[in-house]
Amino acid sequence: MSGVRRAVLALGMVGCLGLVGAAEPPSPGQPPRFFGLDADGQRVVYVCDRSASMSEPEGAPLAAAKRELLASIGGLGESRQFHLIFYNERQSMFEPAGGRGRPMFADESTLREVRRFIEGTTAAGGTRHAEALAAALRLAPDVVFLLTDADAAHDLSDAEFERLSGRLGATRVMVVQFGGGEGRRSPRLARLASASGGDYRVVEPAAD
């Protein structure tokens, strides 16, 4: 066999091995989207109210929240990171093995675990936005999506608004408020969203 032919065959074998051993690039996914609110960024934190009122009527609000969370997280692709916090008076964080306290990539294994976490979450207790938002901001994400059905009686206090405003950094806060009408049911949450360059939207949870 000539030297030229041996060289061609060797190159061909290297090429084939390269194709077999090459890892697929991470799925780029879609820009973060939650209940019609769009955002840019690679690091996303979802903060979802799970207070007792999210079970009324007939579990519809929490069921709608779960469907949207699964759809939004599933659409992120493997190149974006996310974290998920459910809250009432306390926070319940998604913390799979090896992922404690940090955002995670939305790969297949993590998606299976977060589905179990979401599906196992129930509604109970009252509503405290400030502590859950503070926990989200400590993760320094590009965007925070907050979902609540609470009204003005459970809104941030003036002191909580000022404290959280000072911690925004480059994070955009996008607030989704369950409830009828177009009025701002939580004025200080709406102001926080605006101060961050984010958005606030009132939606009616769709029935299953």
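The values are calculated or read from the model by the stated rules, or taken from the named source; none is laboratory data. Worth saying up front: this structure is predicted, and the values here are computed from it rather than measured. Virtual Cβ from ideal backbone geometry, glycine too; neighbours counted across all protein chains shown.
Below is a table of values for the structure above.
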| read-out | value |
| --- | --- |
| Check on ARG80, among the charged types (D, E, K, R) and over 16 Å from CYS48 (Cα atoms) | yes |
| Some residue of the range 58-72 being over 11 Å from the mean Cα position of the chain (by Cα), farther than 17 Å from LEU133 by Cα, part of a helix (DSSP H, G or I) and polar (S, T, N, Q) | no |
| Residue within the range 76-86 that is closer than 25 Å to ALA150 by Cβ, surrounded by 21 or more Cβ atoms within 10 Å (Cβ to Cβ) and touching a Ser or Thr at 6+ places or on another chain (Cβ under 6 Å) present | yes |
| Qualifying positions in the range 73-110 - in a helix (DSSP H, G or I) and farther than 28 Å from ASP155 by Cβ | GLY74, GLU108, SER109, THR110 |
| Hits in the range 85-141 - residues which are among the small types (Gly, Ala, Ser), touching a strand residue (DSSP E or B) at 6+ places or on another chain (Cβ under 8 Å) and under 18 Å from ARG163 (Cβ atoms) | ALA132, ALA135, ALA136, ALA140 |
| Qualifying residue in the range 12-31 (condition: part of a loop (DSSP other than H, G, I, E, B), over 30 Å from PHE82 (Cα atoms) and either at pLDDT 50 or above or among the polar types (S, T, N, Q) (or both)) | no |
| Any hit, the range 39-54, residues being without any contact (Cβ under 8 Å) to a residue 24 or more places away in the chain and loosely packed, with under 15 Cβ neighbours inside 10 Å | no |
| Residue among ARG172, ARG115 that alone is surrounded by fewer than 17 Cβ atoms within 10 Å (Cβ to Cβ) and within 15 Å of the chain's Cα centre (by Cα) | ARG115 |
